[in-house]
Amino acid sequence: MAADPPLLALFAGALLAAALAAPAAGAASCPHTNLTANFSADLTMLQHQLRGTVRLAANGTCALEVTRFDLLAASPSARFWAADGPSMADLAAGRAFSPLPLNGTFRNASLELPFARPLPRLLALYDPETSSDFGHVFLPNGTASELGTSAAAAIERAPTMFDNCIPLSATETYRLRWTLNASAGTVEIGLEAAIGSEYYMAFGWADPKANAPAMIHADVVVAGFTEEGTPFAEDYYISDYTECTLGKDDSPVSGVCPDKVYEDGKNDSILVYGHRRDGVSLVRYVRKLDSEDTKYDVPVGATEEMEVLWAIGKLRPPDTLREHYLPQNHGGPKDTTFGFVRLNLSETVDNCLGPLDADNKEDQERIIADRKTPLVVTSAPALRYPNPPNPDKVIYINKKEAPLLKVERGVPVKFSVQAGHDVALYITSDPIGGNATLRNKTEVIYAGGPDAHGVLATPKELVWLPDRNTPDLVYYQSLYEQKMGWKVQVVDGGLSDMYNNSVLLDDQQVTLFWSLSADSISIAARGEKKSGYLAIGFGSGMVNSYTYVAWIGNDGVGRVKTYWIDGKSAAGIHPTSENITYVRCKSENGIITFEFTRPLKPSCSGKVECNNIIDPTTPLKVVWAMGASWSGDDLTDSNMHSVTSSRPIRVLLLGGSAEAEQDLRPVLAVHGFMMFVAWGILLPGGIMAARYLKSLKGDGWYQIHVYLQYSGIAIMFLGVLFAAAELRGFFVSSVHVKFGVLALLLAVLQPLNAKFRPSKPANGEVPSRNRILWEYLHVITGRSAIIVGIVALFTGMKHLGHRYDSENVEELTWALMLWVLSVIVIVLSLEYKEVKRRSSGRSVSGHWVLGNTEEDDSVDLLHPDGTARNSSESSSSGVMEVQLEPLTR
């Protein structure tokens with residue numbers, strides 16, 4: 001991971017050391033080169049911590065001398081290699097320059113490499129089995145006069161090479177390298193450590209006025225790498241043993257802060273180069289010995305022995321409040337994570353014996369495949385391919401460049417290949433790929449092949465099932481071009497085998513696993529990137545959520561704690577005593593995985609965690625967060641997350657799937673409006689027409705009643721179809737749907753029993769028993785349907801608020817309540833008038849016989865011509881008889 005590809009190209013192309021003096025007498029005795037005795041060039045470092053300086057042998061023989069040679073052990077096939085250039089084709093067409101094997105570690109070694117033919121243009125350290133270039137040096141193939149002075153002027157040393165080196169930490173995993181340029185008044189410093197990419201390296205000069213070594217008032221540079229892999233080196237000033245606190249109002253800036261946050265401060269360190277190789281960080285920067293900033297910088301004497309300090313620790317990335325990186329407390333013992341050293345820059349010293357050997361040399365991002373989540377395979381330009389040389393375009397999986405893929409035996413791995421029709425994915429035993437048979441090599445193909453290609457519009461699905469015979473290491477590659485993919489680690493079954501369901505949470509940075517039982521749920525969460533802690537929360541955001549935080553303590557023990565969070569600061573994080581069992585937490589290469597089991601319904605009362613109830617029938621909203629460090633005791637704002645999910649994911653626990661939180665779908669809004677029209681207006685209006693409009697002439701009330709009821713039922717069915725189509729199914733799991741189904745059945749029962757109603761008795765006749773039972777059934781089921789329908793409307797509003805967290809749900813619910821209350825008031829008013837009318841009618845003395853004033857239900861409104869169902873019933877209602885009788889007889 002170089003600082004800048006053009007800068008690296010400049011270094012690589014400028015490693016030509018031509019002789020500026022006259023050819024030495026000894027050099028003329030070698031007929032195979034025009035190099036002079038003072039030729040010198042540094043090897044570039046691409047892999048295996050390669051360092052060294054190449055010269056022509058001083059004894060006049062045809063040999064190259066390699067001094068200060070460092071190299072981590074390579075494979076038995078690796079050799080010094082002669083080639084015309086650094087490209088894949090040039091290296092593949094090259095030859096071994098020396099038979100010397102490179103399968104051992106070299107520590108500050110001196111080598112002599114004889115040659116009996118003209119020198120190549122490029123001398124590389126190359127492994128033909130894996131097509132790996134560990135590093136190389138360009139050799140001029142002309143005379144000094146042919147090279148010209150311009151070529152000589154462009155010569156520079158490799159950015160990984162320095163004049164001096166000392167170990168800083170007692171474990172010798174952190175080194176200081178430097179080259180002093182006293183005439184220019186500068187010093188180039190290299191900080192090198194075998195640490196993870198999430199760690200910082202700090203180095204600087206202590207306050208010379210202090211009586212004892214201390215970090216207060218020290219002038220340090222904090223170096224490291226951003227989350228995108230870009231190196232940085234920033235000038236910091238230490239005013240207090242705290243994280244940087246920016247001044248507010250009249251309060252000053254304090255803590256470990258960048259110089260540039262001060263009103264009169266600036267960054268006096270200049271980044272030169274940086275990379276991550278083999279699990280080792282290297283950052284090179286230059287600073288002036290005296291920057292003339294007496295307030296925040298310490299002037300350095302070139303020949304003075306001065307007190308310097310160093311530290312390593314985790315780095316907190318910038319956030320919305322702070323735009324700079326903040327080093328966290330080193331959190332370890334002296335001489336291991338921090339310390340003090342007396343240093344004289346003018347002394348020549350090289351106490352660094354051999355290359356740094358990191359425990360974890362794999363710097364590529366990792367992806368752990370699981371059973372159900374497809375891995376999206378695309379292609380894009382190569383930026384930090386781990387095994388140079390490489391083609392311009394490489395394979396990306398889930399938007400990560402050539403990641404290390406980890407799979408489990410017995411767990412199907414699903415690929416969605418969208419890399420283009422010129423990239424055919426296959427799983428192979430060959431580390432280079434590109435169809436090994438074309439290189440007269442044999443390979444075992446485990447999945448994929450010529451047909452495994454696709455594009456975004458028509459992706460190709462490829463399923464691979466690693467079994468017990470699959471080796472521990474295979475490769476995903478393209479069949480048509482070499483070295484587009486990377487490694488696949490095959491391990492025995494893990495989380496995907498232990499849990500029934502898994503989903504990727506928002507931004508594909510955390511995977512959630514779970515298994516349900518009768519009264520509990522087992523949950524596991526795994527980060528997909530390096531972090532100091534991992535947290536998942538149940539809620540629409542981290543604020544107002546029940547959160548589970550996992551981290552590795554300073555003692556190396558994993559921990560999981562539960563919290564209720566009601567604010568955005570440390571004061572809003574409240575530990576809870578939730579009952580979680582079977583707790584496990586581990587960190588593998590900085591990636592945290594934790595597991596626990598908890599009851600679906602906590603068996604407690606009176607505590608905030610008692611409300612943390614999980615209903616498997618209701619979608620569970622899950623969010624996540626990551627940060628640099630966590631503490632189980634005293635939390636501060638430094639423990640706040642540096643990255644979090646942008647929105648919650650709704651996890652369907654019973655269905656084993658998830659969907660992103662989103663705004664209310666328009667079709668569901670139409671569903672709700674239709675149901676309100678049906679159950680809030682039409683169906684209640686039909687019932688009110690039958691109850692209060694019988695005073696209308698003829699059968700007007702009856703027509704209004706029937707038309708309103710049938711219109712309401714039709715709109716209700718349309719609303720159900722809209723919802724079922726949008727949700728891609730009909731699920732009777734929620735309370736809302738259960739009430740809705742019951743209301744639908746009661747509503748459908750009304751036109752059915754109306755179809756089979758018994759005949760109405762003639763005037764003066766006693767209604768039949770069937771007629772009385774039918775009337776009771778018709779009235780009770782109709783009014784019950786209205787009540788159940790209104791309940792379904794309110795449960796629908798509640799379901800809407802829980803599903804979409806809409807800001808307008810509460811207002812809509814109040815509006816619906818006002819509407820229902822208004823209808824109830826109207827009904828009570830009409831009922832009062834009806835009772836009053838009937839009571840006044842009974843108060844009249846004498847007998848008025850006005851004929852039949854009850855409903856005339858003989859008209860079949862379902863028939864197109866409205867003909868009578870029964871002629872006898874029809875004729876009996878066709879005449880109104882008024883009979884007047886005297887008051888006394």
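The values are calculated or read from the model by the stated rules, or taken from the named source; none is laboratory data. Please read these numbers as outputs of a predicted model, since none were measured by experiment. Here Cβ is always computed from backbone atoms with ideal geometry, including for glycine, and neighbour counts include all displayed protein chains. The accessibility values were calculated without ligands, DNA or RNA, using every heavy atom of the protein model including side chains. Shrake-Rupley method; radii C 1.70, N 1.55, O 1.52, S 1.80 Å.
Can you work out which of the residues in region 272-295 that are of a type in the set (Asp, Glu) and more than 27 Å from Ser197 (Cα to Cα) is surrounded by the most Cβ atoms within 10 Å (Cβ to Cβ)? Before the answer, list the steps.
Step one: list which residues in region 272-295 are of a type in the set (Asp, Glu), which gives 278, 290, 292-293.
Checking which are more than 27 Å from Ser197 (Cα to Cα) leaves us with 290, 292-293.
Numbers: Asp290: 15, Glu292: 8, Asp293: 18.
Only one residue tops the list, namely Asp293.
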Practice problem: With the condition kept exactly as written, say whether any residue in region 470-488 is loosely packed, with under 15 Cβ neighbours inside 10 Å, closer than 23 Å to Lys393 by Cβ and of a type in the set (A, V, I, L, M). | Solution: no
Self-check item: Selection status of Arg284, within 24 Å of Leu180 (Cα to Cα), basic (Lys, Arg) and at pLDDT 90 or above
Solution: yes
Quiz item: List, please: which pairs have Cβ atoms under 6 Å, are six or more places apart or on different chains, and start with a residue in region 576-593 that is within 16 Å of Thr511 (Cα to Cα) and end with one that is among the aliphatic types (A, V, I, L, M)?
Solution: Cys585/Ala550; Cys585/Val560; Ser587/Ile552; Ile592/Leu534; Ile592/Ala550
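Being aliphatic (A, V, I, L, M) and either in contact with a helix residue (DSSP H, G or I) (Cβ under 7 Å, 6 or more places away or on another chain) or under 20 Å from Ile649 (Cα atoms) (or both), is that true of even one residue in region 571-591? Write out each step before concluding.
If we filter region 571-591 for residues that are aliphatic (A, V, I, L, M), which is where we start, we get 571, 573, 580, 583, 591.
If we keep only those that are either in contact with a helix residue (DSSP H, G or I) (Cβ under 7 Å, 6 or more places away or on another chain) or under 20 Å from Ile649 (Cα atoms) (or both) as well, we get none.
No: zero hits.
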Exercise. Output yes when any residue across region 179-187 is modelled with pLDDT of 95 or more and open to solvent by less than 20 Å² (accessible area, probe 1.4 Å), and no when none is.
Key: yes
Self-check item: Residue that is small (Gly, Ala, Ser) and over 23 Å from Ala58 (Cβ atoms), where the choices are Ala96, Ala82
Solution: Ala96
Quiz item: Restricting region 29-71 to residues that are free of Cβ contacts under 8 Å to residues at least 40 places away in the same chain and among the aliphatic types (A, V, I, L, M), which is farthest from Arg157 (Cα to Cα)?
Solution: Ala58
Quiz item: What are the residues in region 274-324 that are in a loop (DSSP other than H, G, I, E, B) and of a type in the set (A, V, I, L, M), if any?
Solution: Leu289, Val298, Val300, Ala302, Leu321
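Looking at Ala93, Ala82, Ala109, which one is touching a strand residue (DSSP E or B) at 6+ places or on another chain (Cβ under 9 Å) and open to solvent by less than 10 Å² (accessible area, probe 1.4 Å)? Can you show your working first?
Working: Ala93 fails: open to solvent by less than 10 Å² (accessible area, probe 1.4 Å); Ala109 fails: open to solvent by less than 10 Å² (accessible area, probe 1.4 Å).
The unique qualifying residue is Ala82.
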Self-check item: Residue in region 240-252 that is outside any loop (DSSP other than H, G, I, E, B), closer than 30 Å to Thr644 by Cβ and in contact (Cβ under 8 Å) with a residue 60 or more places away in the chain present
Solution: yes
Quiz item: Taking strands (runs of 3 or more DSSP E) that do not extend beyond region 564-629, which have at least 2 residues that are within 30 Å of Gly656 (Cβ to Cβ) and either open to solvent by less than 70 Å² (accessible area, probe 1.4 Å) or not β-branched (Val, Ile, Thr) (or both)?
Solution: 581-588, 591-599, 620-627
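Taking region 543-563 as the search range and keeping residues that are in a loop (DSSP other than H, G, I, E, B) and polar (S, T, N, Q), which one is modelled with the lowest pLDDT? Full working, then the answer.
Filtering region 543-563 for residues in a loop (DSSP other than H, G, I, E, B) gives 543-544, 553-557.
So of that shortlist, the ones also polar (S, T, N, Q) come out as 544, 554.
Working: Asn544: 88, Asn554: 84.
This residue is Asn554.
Scan region 755-767 and give yes if some residue there is within 25 Å of Val741 (Cα to Cα) and part of a loop (DSSP other than H, G, I, E, B), otherwise no.
Keep residues of region 755-767 that are within 25 Å of Val741 (Cα to Cα), which gives 755-757.
Imposing the further condition that a residue be part of a loop (DSSP other than H, G, I, E, B) reduces the set to 756-757.
So far as region 755-767 goes, yes, one or more of its residues are within 25 Å of Val741 (Cα to Cα) and part of a loop (DSSP other than H, G, I, E, B).
Quick check on my filter: what residues within region 446-463 are under 26 Å from Pro381 (Cα atoms) and either touching a His at 6+ places or on another chain (Cβ under 9 Å) or assigned to a strand (DSSP E or B) (or both)?
Selection gives Ala447, Gly448, His453, Gly454, Val455, Lys460, Glu461, Leu462, Val463.
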Exercise. Spot the failing condition for Leu326; the list is (1) more than 33 Å from the chain's Cα centre (by Cα); (2) farther than 21 Å from Thr171 by Cα, and only one is missed.
Key: (1)
Practice problem: Please work out if Thr226 is of a type outside the set (Lys, Arg) and open to solvent by 40 Å² or more (accessible area, probe 1.4 Å). | Solution: no
Self-check item: Lone qualifier among Leu505, Leu516, Leu512 - being surrounded by fewer than 21 Cβ atoms within 10 Å (Cβ to Cβ), at pLDDT below 95 and of a type in the set (A, V, I, L, M)
Solution: Leu516
